[in-house]
Structure formats: structure tokens, C-alpha cells
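Participant: Got a structure for you, written out below as C-alpha cells; questions coming shortly.
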Amino acid sequence: MTQLFHKSFNTLSKASIVLGGLVAGLTVTTVLFANRTPYISLVDVSREQPVPFSHKHHVGGLGIDCRYCHTSVETSAQASLPSTKTCMTCHSSIWTNAAMLEPVRQSYMNDRSLEWLKVHDLPDFAYFNHSIHIKKGVGCQTCHGQVDQMPLMMRKNTLNMEWCLSCHREPEKFLRPREEVFNMNWKPSHEKPQAQLGAELVESYQVQKLTNCATCHR
Amino acid sequence: MSANIPPSVIRRDPVIGPGHTAGSVIDKISSIVLSRDIQRGWFLLLALSGMGVMLLGVSVGWLLTRGVGVWGINEPVAWGFDIINFVWWIGIGHAGTLISAILLLLHQEWRTSINRFSEAMTLFAVMCAGMFPLLHLGRPWLAFWLFPLPNTMSMWPQFRSPLMWDVFAVSTYGTVSALFWYVGLIPDFATLRDKAQNKIGRVIFGMAAMGWRGATQHWARYEVAYLLLAGLATPLVVSVHTVVSFDFAVSVIPGWHTTVMPPYFVAGAVYSGFAMVLTLMLPVRAAYRLQDLITMRHIDNMGKIMLVTGMIVVYGYAMELFFGWYAGSTAEGFMVHNRLFGSAAGAYKGLLFCNLLTPQLLWFKKVRRSLWLLFVISIIVNIGMWLERYVIVVTCLERDYLPSSWGDFHPTIWDWSLFIGTISFFLFMMLLFIRFIPMIPIFEMRSLLPKSQAGAKAAAADQSTDASKH
């Protein structure tokens, strides 16, 4: 009988075992890494908005407090976006002819909201409440990053569940005094490092490690 | 002469019919695979079951479009046909592993001609079984969450849940069964490669044979690998259905929370597995004229195994009733009452008919040797085992502790269509298997030949000496 396969098939068949394992392993690893890249998580990616609003200018430059616009952040689940009227408190008298602000004026005149693109958008199956986090001493900057240095809004954290859990499992590593919550530049002092301060705050604010599924997935 | 042969050899039917040589065994089995013409009956059945597979596609498609609400499941019966059919199919798979692993280790040589067939059955049954929990997820594309893979949620599956153990038990079972089946096939693929008439057949079987040349070294390694796999598969025969029974036993629902569950489930699995082997093998044996290779000895033995395991299952039923009384709890007692007289009482009576009364016929040798009766009994047992799972799942969930949370279960047309779809898929795969893969291990049959020839010669010699005495 003639030979059915070329002799190179000996090597090929053995190589295919190793290659098959490699390909399978690489595929899994690639998927795992891809899930953590900015391409998926949108960290450090600024996206186009109807008006290129600069937090750097308004917060860092002019020193406007977070709560001037995000009015309900201390009392409700939503921090809430300001109505166009809030923009117009200033922009009815300054930069009244700036082309960049045309959508704002249109919105005001036609009584139609500006449609911002939500940057920190949690999935609908996750319950989140801003007010309780602020009450327990989680700074704006802890989740949203140094907003006062962002010309355009972007994520500084992945919003992945592992990121939520990193704090829910060890809140003491991230807490700050309540009065420093809106401070963009707060850092723990040398006299009282985070380890000591965090433990004290957990005690005095009665912070629980809420890791039950139903805490967020209600 | 007769003193050398144990009397049992003579009295029993042979494992291989008389007059076979190594060559004739090869030809007989390989000709089914290598024949070029398509039998009309086979093709008709393939077309019919193919239609059923399309029904499966439609059922799954509709399920994915509309969600699991198309089924009859709702609180309190949140598990309906999906878990019933899952347990039923997994059980059917058990004959394969039992035959291939345990009977191999116990040197039961008669297993040889039925092991490949029932291993294939195991594989396809596990495929059918696996579909149900995956579809029950509602979003089957996220099924990989069942495995402990690193992920961006920093979450593990719930290792304390028996449902999680199920994932490991069933996937291990599927993997080991597939390996066992394939390793056993390699020498036969080589035979087919050598016997195939055209180039395509030679190349395909040649690839599948993985360079098998029948060298002594190959055989030595083959023996080691096969024995190791048998050792691995042996605990699986017991463990898989034990873990499946934990899905029920670990919960606190009256009627589920009993210690008898694991052995009762394992016996039921083997019982239904052998019933399915008989259901499929009897027609195949007749259609392909395999009476010489699958003899009355095999059929008789399978009947006996069904009888034994059936009696263990009946013991389980008796214990369920006993616990209902002995537990002294209102809920357990009511569970028994509800089972006997409640909404599913019809199913329970049917179950007693199928699994308690019918198998008693197997005590009689005449019944075990009547192909038609055995075929009918095997189908009744299959139905009975399905009813058993229906009764366990539905009666217990419909009526648990709180009357305020009672509710009824009504399967919808989509429950039935999916079930019929998986049965068709199973038959479809079996038909393909029969046609394209040797359904009886050729080389193992050949290895049995010297023994059976010695037996036949001895028997003949025995007769002739008897005759000369008179």
C-alpha cells in the first residue's frame, strides 16, 4: 500500500497539539486583557459632547463648587445634570456671542434640554446612590478622578464590578472626612496616614462592608 | 475433555456466534461503515429525526427571542421540564460509562460488543442533557460564567451550591466519556483506513487513526491508556448522578431533603441507561443482522441488570413513602399524601406501573429472551423514569411548606417541542454514528475469537464424546 500521508505529518501532528494549546490559551488571555483595555472600559477616553464643556476651566480655573451644577448629589441617588438655566445664570451675560455656546442658547430659547453623553453610565441592573456615598465620606475625586484637570469629561475608573468591590470590600482604604468630599486635591496627612484615618472613619461613620449581591442588584 | 471447561461456558450463549473468523468479524462490522449505498430505511429515519432537529432549532430560537417565559415554569415551580429532562438525559448516559468502565475492570467480556454503542449513546445523551441547564439560564451565551474564570467582576461562582458541582460533574463526565470513546476507536479507525476503497475515506479515517500502525508499542500504550481511563471513569458512574441528586437533596423542600437520593438516583440512572440501550440496540441488531455479534447472552444480561437496578429504584420509592411517615413532620407527611392523591397522582400511578410492576416480568427467562417484549418493556421503563423525575420535581415544588405559596405547573407547547427536539437530535446523532463509525469494536471482538472458538470446539467435542458413550 502506498503511503497515505507525507512524512512531515509526523511533525505536524505533534506540533498541532502544542499549537492547539497555545491558541486556546492565547484566546482566553486576549479576551481577559481586552476587557481591561480602554477600548472596552473607556478609561481616559474623552467623547464628543454637544458642547465641549470644560471642567478644568469651570472647576479648576473658576473654582465653582460641584454642587453648584450637580445640585441633588447630597440628597438623592442621582447627582443630576444641571438644566440649561443653570448655564445661563452666567452665560446670559458673558460669552453671549460665542459660537461654541450656540447649542446652549438654542436649548434655552426652544426649551429643549441639551443631550449630553453620559460618561459615567452604570448598567441599569446596578443600583447606585450618590447621597449615601457622600455621607460616608467617599470623595467625588475617588471615583470621578481629578475633574478639575479635565478639559473634556472622561472616565478615570473602569466602573467594572471588580472596581466597585475593591472599595466595598475594603472601604477604609478610600474614605476621607466628610468635609473634604468635594475637595479635588485632598490627600491624607503625614501625621494621620490613610490606614489610621480610614479605620477611624469606618468606626465613626459606621461604614459597613456591603458585599451582598442584593446591595446593588436589587 | 469436558472436565477442563467450566460448565457455565457450555450452558451460556456464546459472546460471538459460531463460524466467525478474524476476517469475517472485520468484514461484517466494517462493511456497514464502508458500504457506498444508502439504505432506504436509514435515510428515512435520518430525514424524520432531521425534521425533529429543526423543531429543536425552532424551539431554541423562540426561547431565545422571548425568554424562558415561553415555558410553563414560574414560581413556585421554577424548575420544570428543563431539570426533568436534564436528569432524564444524564441518567440515560449512565449505561455507557458503566459498561465501558466498570464491566471492563470486572473482566465482563460480554460487554465488548455493546460498549461502543452505549458510549456513543452516553455522549449524545450528555449533549442533550447539557442543553437544558444552558437554555434555562435564559442567556446561554454567558454560560462561561459557570466556570471559575478570571473576570472583571472579581467574582467566583458559588462553590457551595450543588448546581455549581453539577457543572464540574457533568463537564468532567462528558470529557472522560468522549476520550474513552475516542481512544477505543483509534485501532478501528486504522482498520477502516486500511480497508477504505477511496482516497477521501482513507485520508479521513487516517487522520482519525492518528498514525496507528498496530505496533506492539502502540498496543502496550493503548492498553495502559484504556485502563487508566476506565479507572478515571469508574468513580464518575457513581459521582455524576450523586451530584445531580444533590441538586434536590441539599435543598430543604419536603420530599427532596432525603439521604436516599444519591443511591436511588444512581440506580435509576443505570436502569434508564440500560433501557435506552435496549430500545436502540434491538432494532439496530435486527436491521444490520448483528445477531452473531450481539447475542442473546448480551440481551439476557442487560435484562438482568435492568431488573437489579429497577429493584433498587423501587426500594427508593418505598423509602420516600417511609420517610414521609417516619419523619413525623406535617410537611413530609403531606408530601406523600399529595404525591398519592394530589394533582400529579396520575403521573405517580403511571410511574408505579412502569417502574414497579413492568420490570417484574424480567424475572422470567422467557421474557428476557423475547425481543419484542423486551423492547416494549425498555420503552415503558424509559417513560417510567421520565415520570419519576416529573413526580419528584413537580409534586414537591407545587406544594411546599406554605399553602400561600402553592401553585400548579402546566407545561406549554414549547416545553414539549424542546423535549421532542432533543429526542430527535439524539436519534439523529445515533443514526449518523451507526453509519459512519463502527458501532462494535472490531479489534476487541477479534480478541474474543480464540476464546469463543475454544469454547465452541470444546462444546462440540463434549457433545461428540457424549454421543459416543451412548
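The values are calculated or read from the model by the stated rules, or taken from the named source; none is laboratory data. Nothing here was measured: the structure is a model prediction, and the numbers come from that model. Methodologically, a virtual Cβ is constructed for each residue, glycine included, from the backbone with ideal geometry; neighbour enumeration extends over all protein chains shown.
Participant: Among the residues of the range B:197-210, write down those that are small (Gly, Ala, Ser) and over 13 Å from B:Leu185 (Cα atoms).
Facilitator: Matches in the range B:197-210: B:Gly201 only.
Participant: So, in the range A:1-42, how many residues would count as being at pLDDT 90 or above and in contact with a Lys or Arg (Cβ under 6 Å, 6 or more places away or on another chain)?
Facilitator: 1
Participant: Something else: Looking at the range A:9-25, is at least one residue surrounded by 13 or more Cβ atoms within 10 Å (Cβ to Cβ) and not small (Gly, Ala, Ser)?
Facilitator: First, the residues of the range A:9-25 that are surrounded by 13 or more Cβ atoms within 10 Å (Cβ to Cβ): A:9, A:13.
Those left that are additionally not small (Gly, Ala, Ser): A:9.
Yes, because at least one residue in the range A:9-25 is surrounded by 13 or more Cβ atoms within 10 Å (Cβ to Cβ) and not small (Gly, Ala, Ser).
Participant: Out of B:Gly201, B:Gly214, I need the residue that is over 30 Å from A:Cys167 (Cβ atoms), surrounded by fewer than 19 Cβ atoms within 10 Å (Cβ to Cβ), more than 25 Å from the chain's Cα centre (by Cα) and away from chain A (no Cβ under 12 Å). Which one?
Facilitator: Answer to the check: B:Gly214.
Participant: Go through (1) within 26 Å of B:Thr242 (Cβ to Cβ); (2) aromatic (Phe, Trp, Tyr); (3) modelled with pLDDT of 90 or more for B:Trp62 and report which single condition fails.
Facilitator: (1)
Participant: Would you mind listing the helices (runs of 4 or more DSSP H) fully within the range A:36-93 where at least 1 residues are within 18 Å of A:Cys143 (Cβ to Cβ) and more than 14 Å from chain B (Cβ to nearest Cβ)?
Facilitator: Once the helices (runs of 4 or more DSSP H) in the range A:36-93 are filtered for at least 1 residues that are within 18 Å of A:Cys143 (Cβ to Cβ) and more than 14 Å from chain B (Cβ to nearest Cβ), what remains is A:66-69.
Participant: Also, quick follow-up: Test of understanding: among B:Ala209, B:Ala196, B:Ala169, which residue is within 11 Å of chain A (Cβ to nearest Cβ) and touching a residue at least 60 places away in the same chain (Cβ under 8 Å)?
Facilitator: It is B:Ala196.
Participant: Scan the range B:250-273 residue by residue and report those that are assigned to a loop (DSSP other than H, G, I, E, B) and small (Gly, Ala, Ser).
Facilitator: Residues satisfying the conditions are B:Ser251, B:Gly255.
Participant: Taking B:Ala101 as meeting all but one of (1) farther than 27 Å from B:Ile420 by Cα; (2) in contact with an Asp or Glu (Cβ under 8 Å, 6 or more places away or on another chain); (3) crowded, with 23+ Cβ neighbours inside 10 Å, write down the number of the exception.
Facilitator: (2)
Participant: While we're here: With the range A:135-214 as the region, which helices (runs of 4 or more DSSP H) entirely inside it contain at least 1 residues that are within 14 Å of another protein chain (Cβ to nearest Cβ) and either among the hydroxyl-bearing types (Ser, Thr, Tyr) or under 29 Å from A:Leu62 (Cα atoms) (or both)?
Facilitator: Output list reads A:161-169.
Participant: (1) of a type outside the set (A, V, I, L, M); (2) outside any loop (DSSP other than H, G, I, E, B); (3) more than 27 Å from A:Val181 (Cα to Cα); (4) away from chain B (no Cβ under 13 Å): which one isn't true of A:Ser16, the others all being true?
Facilitator: The one condition A:Ser16 does not meet is (4).
Participant: Of these, B:Phe144, B:Phe189, which one is within 13 Å of chain A (Cβ to nearest Cβ), at pLDDT 90 or above and either out of contact with any Pro (no Cβ under 8 Å at 6 or more places or on another chain) or at positive phi (or both)?
Facilitator: Testing whether each residue is within 13 Å of chain A (Cβ to nearest Cβ), at pLDDT 90 or above and either out of contact with any Pro (no Cβ under 8 Å at 6 or more places or on another chain) or at positive phi (or both) leaves just B:Phe189.
Participant: Can B:Phe246 be described as part of a helix (DSSP H, G or I), crowded, with 17+ Cβ neighbours inside 10 Å and within 14 Å of another protein chain (Cβ to nearest Cβ)?
Facilitator: Details: part of a helix (DSSP H, G or I): yes; crowded, with 17+ Cβ neighbours inside 10 Å: yes; within 14 Å of another protein chain (Cβ to nearest Cβ): no.
So B:Phe246 does not fit the description; no.
Participant: For the range A:135-159, enumerate the residues that are small (Gly, Ala, Ser) and either out of contact with any Leu (no Cβ under 7 Å at 6 or more places or on another chain) or not assigned by TED's automatic domain parsing to the domain that holds A:Pro177 (or both). Steps first, please.
Facilitator: Restricting attention to the range A:135-159, the residues satisfying the condition of being small (Gly, Ala, Ser) are A:137, A:139, A:145.
If the condition is that a residue be small (Gly, Ala, Ser) and either out of contact with any Leu (no Cβ under 7 Å at 6 or more places or on another chain) or not assigned by TED's automatic domain parsing to the domain that holds A:Pro177 (or both), then A:Gly139, A:Gly145 are the ones that fit.
Participant: Right, next: Tell me yes or no: at least one residue of the range B:106-115 is without any contact (Cβ under 8 Å) to a residue 40 or more places away in the chain and at positive phi.
Facilitator: Yes; the residues of the range B:106-115 include at least one that is without any contact (Cβ under 8 Å) to a residue 40 or more places away in the chain and at positive phi.
Participant: Next question. Sort through B:Leu236, B:Leu232 and tell me the only one that's away from chain A (no Cβ under 14 Å), buried (at least 17 other Cβ atoms within 10 Å of the Cβ) and at pLDDT below 90.
Facilitator: Step by step, each of B:Leu236, B:Leu232 is checked, and only B:Leu236 is away from chain A (no Cβ under 14 Å), buried (at least 17 other Cβ atoms within 10 Å of the Cβ) and at pLDDT below 90.
Participant: Next question, about the same structure. Taking B:Met164 as meeting all but one of (1) closer than 30 Å to B:Phe323 by Cβ; (2) in contact (Cβ under 8 Å) with a residue 24 or more places away in the chain; (3) of a type outside the set (Asp, Glu), write down the number of the exception.
Facilitator: Only one criterion in (1) closer than 30 Å to B:Phe323 by Cβ; (2) in contact (Cβ under 8 Å) with a residue 24 or more places away in the chain; (3) of a type outside the set (Asp, Glu) is unmet by B:Met164, namely (2).
Participant: Criterion first (within 14 Å of chain A (Cβ to nearest Cβ), assigned to a helix (DSSP H, G or I) and charged (D, E, K, R)) does B:Arg221 satisfy it?
Facilitator: Spelling it out, it is not the case that B:Arg221 is within 14 Å of chain A (Cβ to nearest Cβ), assigned to a helix (DSSP H, G or I) and charged (D, E, K, R).
Participant: With respect to the numbered conditions (1) assigned to a helix (DSSP H, G or I); (2) closer than 30 Å to A:Met161 by Cα; (3) out of contact with any Ser or Thr (no Cβ under 7 Å at 6 or more places or on another chain), which one is the sole condition not fulfilled by B:Met207?
Facilitator: (2)
Participant: Would you mention how many residues in the range B:145-196 are of a type in the set (A, V, I, L, M, F, W, C), over 26 Å from the mean Cα position of the chain (by Cα) and assigned to a helix (DSSP H, G or I)?
Facilitator: 3
Participant: A:Lys156 passes all but one of (1) basic (Lys, Arg); (2) under 30 Å from B:Pro157 (Cβ atoms); (3) surrounded by 14 or more Cβ atoms within 10 Å (Cβ to Cβ); which number fails?
Facilitator: It fails just one condition, (2).
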